[in-house]
Structures are given as structure tokens and as C-alpha cells.
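Input: a single structure, listed below in C-alpha cells.
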Amino acid sequence: MPSLTHVIDVFFATYDVFLKGMMLTLQVTAISILIAIFIGLFFAFLKISGVKVLQWIADAYIYLVRGTPLIVQIFIFYFGMTSFNISAFWSVALGLAFHNGAYIAEIFRGTIQSIDKGQMEAGRSLGMSRSLSMRRIILPQAFRRALPPLGNQFIIGLKDSSLAAFIGMYELFNVATTMGSNDFDNMTYLLIVAVYYLFLVYLISIVVRLLEKKLSVSD
Amino acid sequence: MDGRDMIEVKKLNKSFGDLHVLKDVDINVKESDVVCLIGASGSGKSTLLRCLNFLEIKDNGQIIIEGEEINADSHDLNKVRQKIGMVFQHFNLFPHKNVIENIMEAPVHVKGVSKEQAIKEAKELLAKVGLADKEKVYPSKLSGGQKQRVAIARALAMKPDIMLFDEPTSALDPELVGEVLTTMKELAEEGMTMVVVTHEMGFAREVADWVVYMHGGRIVEVGRPEEFFENPTEERTREFLSNIF
């Protein structure tokens, strides 16, 4: 094991490279999560549509994502998309979005269905259409309820972005393993990269908590 | 009795699966009438009420609102419902919106009323139901009676011609029932056409123009409150009344 002072020394000597990796990790995570939210919402609507074919499509998608390893999905996206001249960054971002979208779809489906059906009836009784009631009455409440599990999924998404290292993206984990093997000092760099991930996870949980607080004024 | 017909229901039938909930129901509500639907739970009175604003869709029979027969497939029900306010047993206020936002929601987003106008009208309605000081409060901070009065104001904000009440006081603590009934009574005195599913016999006796007793999905007896409560003609009605008094 490397000594603590050594790890700290290396930490300060390498922070500029790690920060660059961290920015890339943040970018790919943020973009993939953002896209995944839309994918998730879309498939959640398919699942609650009541239309058999649409439900079946959503089920197939979720089954596909759950049933295959993320690393396989990322490689399929990478080899599939780079052959259409789409950058490695975007192929990973879309691969992660495709993956997280399935879990987020289930989160949204659950929270939308958990809203009391009297809410929809109240909207309809006031002359609001089904879609207007969904948008103005159900979804804001469902979003609020979805925040804690969404926060979890964001954290998982962040950590999963480390798999981008395997297609050569120079994000946090790749920085650590590359520098570690160059210096024959893997453990030091792995400990350092763990600190960066902990920091990012902490950041996400703070943002989610702030959002929850902001949305809980009505309690 | 000379008012125009607001609601006419003819031979209305409704089933849920094998359960035949409404059987050849006829009912007629004239302008400014207050009709109280009473009966044991499971008698079909709530289902009848919900058919009137098409939250439940009838199997067959006719529902005629203000002279026009309404069918789910040939009419824009969203338009029809704008004329028919509904108050629910469990209030169904929007918990993520404060009191005034609850009231403004439909006028602004369905009718396209301007924000300023909607605020002005919402404040008037809140004053009317005695909650002028609660406009910025969220529903979770209100008592049941206050919630129900906000729900009444919310329904009135669409300026409906008809108001439906589905057991509006059944979920309330006993000491909060009075304030809601008072608000409803004031509304009745202003000439609102009202159909009220209720277990409050005092309210029915005092405020109703007609009392309708339902049993097993059928209308058993319709009468003026004094005759209905003093001299019911049907044996079933007598039985029901003797059980509750």
C-alpha cells in the first residue's frame, strides 16, 4: 500500500490531468442523463398508454437493457455509431442514455401510477383534457416523487460512465489506470480516482436534495 | 317547477363487468333545483352522479344536458364538463399548487382567461367561501372543511351551470361538516342547480327541492322533502329512513 503522504503528494501533482478527466466524465454523464430522462418519459408513457402494441414495445426495450451487460451495450453503440462517423463521445453518451432510459422509464411509470386517480378526475371534471391534466396536474407531482429514485439513478449513471474508458475515452477512470500503469503505481491512482468519484456523487446528492427541498414547499 | 330542464336522464343503464349498477334510471333536474340523492352505499347514487359529467360513460339510455343529448363519441366532453362543476368526497385539490393556483388553474389553462382576471375572480370566490386569508396556503395546511370549500370555489371558477357534489361531507370530521353545508346552502340560495349525493338528511330536508331515494341501482322514490321524510310512499324508503333516524 502506498503511504498517505505519497497519495496526497501525487493527488496535488496530478490534479490538472484529473480535472480534465473529471470534466469529460461530468459531460458524458450529464448529457446521457438528460437524454435518458426524455427516453424514460417516452417509454413510461408507452407503458401506461393502455395500448398493447406500445406496451409491448416498451417491455421489449426494458427487457433488452436489463438483460444485457452495460459494457456490451456500450460496445455495440460504439462500433455501431462510429461506423456512421459519430464520435466516440456521442456513441458512449447515447449508449449510456439508452441504458439509463430503461431504468428511468420504470421510475416514471411507477410514480405516475402512484398519483391518486382522483387527481386526474379533478382535472377532467374542470374541463381539462387528458393530456393537459397529465401535463399540469399529474406530471409535476410524479416528478417530485421520482426525485429520490432518479437521484440514485443519476449516481449509478455517473459511476457507469467509467466504462467509457474501455473504448478509449480519457475520462476519470482512464486517467487513473493510464497514469497508474505508466508510473507502476496503480493503487495510488485508483485511490485518488475514488476520491474524485466520491466528490462527484456527493455533488449530485446535494443537487438532488436542493431540488427536493425546492419542490417540497407544498408539504 | 317552471324552470328549464338542466338535466334529463332517460332509461340510463351502467354496468361494471357483471355488476349492473344503474337500472333504467330516469331523473329530471330543472334550473335552480337542488336534488339530493340518498340511499345506502352501493345503491348507485355516486355512479349516477359520475355519469352526469361523464367520468363514467353510460352503457345505454339518454343524458340530456340543457336540452342537448350528450354522447361520448359525438361530443367534446371537455367542453360539456366546463358547464358542470364537480366536488369530490376526498376534495382532490392539487397538492402542488396553493389555494389560489388551484382555483385559477382551469380558467387560465382551459378557458384562456387572463391571469389578472383569474386572480380577481379567484379572490372573490375565496371571499365567498370564507377563505380570503388562505390564498397563498398549500392544501396540506388546510383542515378538511377548508379543503372542501376551496374545492367548491375551484369548481365555481369555471362558472358552471350545474354543480355536482359527491358525498362532500363524508370525509370530514363532524365539527367541520357545518361550514361546508353552509357554503352549499348559500350556493343553493343563489339559484345554482345542484345534484348532491349525501348522507346529511338535515341538509336534504332543509335545502333540497327534491329528494331522490335509490336502492339497488333503481330510483325507488322521488319527493318533496317534507312529504319524503314525513310520508314516504314506498315501503323500502320507510325502511331506509327508519334505519337512519
Looking for something over 12 Å from the mean Cα position of the chain (by Cα), part of a helix (DSSP H, G or I), farther than 26 Å from A:ALA176 by Cβ and aliphatic (A, V, I, L, M) - is there at least one such residue anywhere in the range A:83-97? no
Identify, please: which residue in the range A:204-219 is surrounded by 11 or more Cβ atoms within 10 Å (Cβ to Cβ) and among the charged types (D, E, K, R) and is, among those, nearest to the other protein chains (Cβ to nearest Cβ)? A:GLU212
Can you tell me which condition B:MET86 does not meet? The list is (1) of a type in the set (A, V, I, L, M); (2) assigned to a strand (DSSP E or B); (3) facing chain A (nearest Cβ under 8 Å); (4) surrounded by fewer than 23 Cβ atoms within 10 Å (Cβ to Cβ), and all the others hold. (4)
Could you check the range A:160-203 and list, in sequence order, the residues that are surrounded by fewer than 14 Cβ atoms within 10 Å (Cβ to Cβ) and either more than 18 Å from A:LEU19 (Cα to Cα) or among the acidic types (Asp, Glu) (or both)? A:SER181, A:ASN182, A:ASP183, A:PHE184, A:MET187
Residues of the range B:17-29 being out of contact with any helix residue (DSSP H, G or I) (no Cβ under 8 Å at 6 or more places or on another chain) and either farther than 18 Å from B:ILE65 by Cα or of a type in the set (Asp, Glu) (or both), in sequence order, are B:GLY17, B:ASP18, B:LEU19, B:HIS20, B:LYS23, B:ASP24, B:ASP26
Hey, does the range A:90-97 have a residue that's buried (at least 19 other Cβ atoms within 10 Å of the Cβ), facing another protein chain (nearest Cβ under 9 Å) and among the hydrophobic types (A, V, I, L, M, F, W, C)? no
Pick out the one residue from B:LEU142, B:LEU126, B:LEU93, B:LEU156 that is touching a Gly at 6+ places or on another chain (Cβ under 8 Å) and at pLDDT 95 or above. B:LEU156
Is there a residue in the range B:139-149 that is within 14 Å of another protein chain (Cβ to nearest Cβ) and either touching a residue at least 60 places away in the same chain (Cβ under 8 Å) or under 24 Å from B:THR47 (Cα atoms) (or both)? yes
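The values are calculated or read from the model by the stated rules, or taken from the named source; none is laboratory data. Here the structure is a predicted model, which means the values were calculated and not measured. Every residue, glycine among them, receives a Cβ derived from its backbone with ideal geometry; neighbour counts consider all protein chains shown.
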